[in-house]
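Report on the structure given below.
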Amino acid sequence: MENINALFHLNPEITHLNHGSFGACPKPIFDDYQKWQLELEQDAMNFFIHTGPKYLKQAREALGNFFNCKGDDVVFTTNPSYAINIIAKSLQLQAGDEILATDIEYGAMDRTWNYYCKKSRAKFIRQHISLPVKSIDQVVEDFFKGLTPNTKAIFISHLTSSTALKLPVDAICKRAKEYGLLTIVDGAHIPGHFELDLQQLDADIYTGACHKWLLTPKGCSFLYVRKELQERFDPLIVSWGYESSHPSDSLFLDYHEYQGTRDFSAFLTVPKAIQFRAEHNWAKISESCVKLILDNYADVCDLFGSAPICPVNATYLGQMCSIPVQTTDPIQLQFKLFEKYKIQTPIFVQDEQTYLRFSINGYNSQGDIDKLKNAVVEIKQTTALIDAKG
Ligand SMILES: Cc1ncc(COP(=O)(O)O)c(C=O)c1O
C-alpha cells in the first residue's frame, strides 16, 4: 500500500488535524509549482507576455472541465476573500438593500459584507440557523425567514467554516431564483472535497479555494460568474486589463486576470493537482477520510460533554467536523493542544459558541484522532480548561 504521508512535506513531529484551514500540498504538485516559478525566473519577459497567458488559459480550462463550466467563466484569485471583494464592491447596493446570509458564515466574509454594506447603507443580514441541524428542510426554512422585500442577493457557504456543516445550497439557490435574487455561494471548502457541477448548481456567482482540498499550493482560488453578469464587475486592481490595448474576447478575463507583476505559478498547478488526484485515486481516499469523521464525531463530542450539531451522515459532513466546546479559555486550549501534545487543530468562537474543528485527509489515520481523544482526556484531568459536565 502507498505511503501517503511520504507524499507530503508536513512536519512528522506534528499531528496535523487542520487541513481545512490552509490545506497541504503533495510533493509532486509542489514540484510542479516550483517548476513554473523557475520558468518565470529564467525569462520573465517571455513568461509574462507569451507563455504565461497560454498556461493560465490551460489551467482555467482544466478547472472548468473539473467543475463543469466554461474555462472563460472562471478567473483565478489568490483566495475567496479576494473573489468576494470583487463581487461586493461592484454590486452597487442602495440604502436599505439587504444581503441575506446565515449566522454561520466565515468571519472574513462577514467583515467584507459589513464593510461594503455600511458604505452604501445597505444591510448584511446574518439569519439564524438553529443548531443542531435537524434536516435540510429546517435549514432552508430557517434561512428564508430572513427574506424581506429589500433582499437583493443571498450569500451562503456551501460548507461552513467554524461549524463544518454542508449546507443545502442547491435547494437554497433554487428557491432564491424563484424570488429573483442574485445567488452568491462561498464554496471555499468544496473543490476536491465534494463533487461540484457548476452548471447543475446554477448559482450566479461561486468562489472556491483550490489550496484546501484540491491540494494545490496556497494562494490558488477561483471566482465563477455566470456569463450574462460578468460585465457588472469592475476589477479590484485596475491595471493593464482595463481599457486594454490588446483586449481578449472577454472583459471579465481582462479585468480580473491582469494585475501588474505577480507570481501566478500557484494557479498553473491546477492541471497537475487534478492529474495527481486521479493517479492516486483521491476520491477513494476522501471516502475513507469521511468514514473516519463519521466513526469518531459523536465520541469526540462525548468527551467534551456535548453532542453533534447535525445528523452524523454524509449529507451534512465531509472530511471535517466541529465539536461544541465549553471552555474557560479557547485560545489557551488551542495553545495547550499544540504546546503539550503537538496537535494542530483550530478552536473557533462564533458569536457565543466555541467549536473545536478537526479535519482528516489522506495523511491522517485513526491514530491521529486517538491522540486528540487522549489529549482531551488528560486536559480534563489536569486542568480546568474544559467544562464537560454534559
Ligand atoms: C467558509 C470559508 N470561506 C472562505 C474561506 C477562505 O478565506 P480566505 O480568503 O481568508 O482564504 C474559508 C477559509 O477557511 C472558509 O472556511
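The table that follows gives values for the structure above.
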read-out	value
Residue 224 vs. criteria more than 24 Å from residue 285 (Cβ to Cβ) and touching a residue at least 60 places away in the same chain (Cβ under 8 Å)	yes
Filtered residues of region 174-227 (kept if more than 16 Å from the ligand (Cβ to nearest atom), more than 19 Å from residue 318 (Cβ to Cβ) and part of a loop (DSSP other than H, G, I, E, B))	179, 180, 181, 202, 204, 226
Number of positions in region 161-193 that are closer than 16 Å to residue 21 by Cβ and surrounded by fewer than 24 Cβ atoms within 10 Å (Cβ to Cβ)	1
Filtered residues of region 224-272 (kept if in contact with an Asp or Glu (Cβ under 7 Å, 6 or more places away or on another chain), over 16 Å from residue 48 (Cα atoms) and among the polar types (S, T, N, Q))	250, 269
Condition check for residue 8: closer than 17 Å to residue 210 by Cβ, more than 16 Å from the ligand (Cβ to nearest atom) and within 26 Å of the chain's Cα centre (by Cα)	yes
Of all residues in region 121-165 being of a type in the set (Gly, Ala, Ser) and within 16 Å of the ligand (Cβ to nearest atom), the one that is farthest from residue 95 (Cα to Cα)	164
Residue in region 316-323 that is surrounded by fewer than 22 Cβ atoms within 10 Å (Cβ to Cβ) and not assigned by TED's automatic domain parsing to the domain that holds residue 222 present	no
Options 63, 100: the member that is buried (at least 23 other Cβ atoms within 10 Å of the Cβ), within 27 Å of residue 274 (Cβ to Cβ) and not aromatic (Phe, Trp, Tyr)	63
Residues satisfying the stated conditions in region 120-140, i.e. among the basic types (Lys, Arg) and more than 17 Å from residue 101 (Cβ to Cβ)	121, 134
Evaluation of residue 111 against (1) surrounded by fewer than 20 Cβ atoms within 10 Å (Cβ to Cβ); (2) more than 13 Å from the ligand (Cβ to nearest atom) (one fails), failing number	(2)
Tally, over region 239-274, of residues that are touching a residue at least 40 places away in the same chain (Cβ under 8 Å) and not aromatic (Phe, Trp, Tyr)	16
Test: residue in region 104-111 that is within 12 Å of residue 155 (Cβ to Cβ), hydroxyl-bearing (Ser, Thr, Tyr) and not in a helix (DSSP H, G or I)	yes
Tally, over region 45-101, of residues that are within 16 Å of the ligand (Cβ to nearest atom) and either outside the structural domain of residue 154 (by TED's automatic domain parsing) or not aliphatic (A, V, I, L, M) (or both)	9
Near pairs, Cβ below 6 angstrom, 6+ apart or cross-chain, from region 97-110 (farther than 16 Å from residue 144 by Cβ) to any residue that is assigned to a loop (DSSP other than H, G, I, E, B) and within 11 Å of the ligand (Cβ to nearest atom)	106/161
So residue 269, is it within 16 Å of the ligand (Cβ to nearest atom), among the β-branched types (Val, Ile, Thr) and at pLDDT 95 or above	no
Cβ pairs under 7 Å, 6+ apart, first in region 118-143 and more than 19 Å from residue 309 (Cα to Cα), second among the polar types (S, T, N, Q)	120/94; 122/94; 124/114
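The values are calculated or read from the model by the stated rules, or taken from the named source; none is laboratory data. Just so you know, these numbers come straight off a predicted model, no measurement behind them. Glycine gets a Cβ as well: all are built from the backbone with ideal geometry, and neighbour counts include every protein chain shown.
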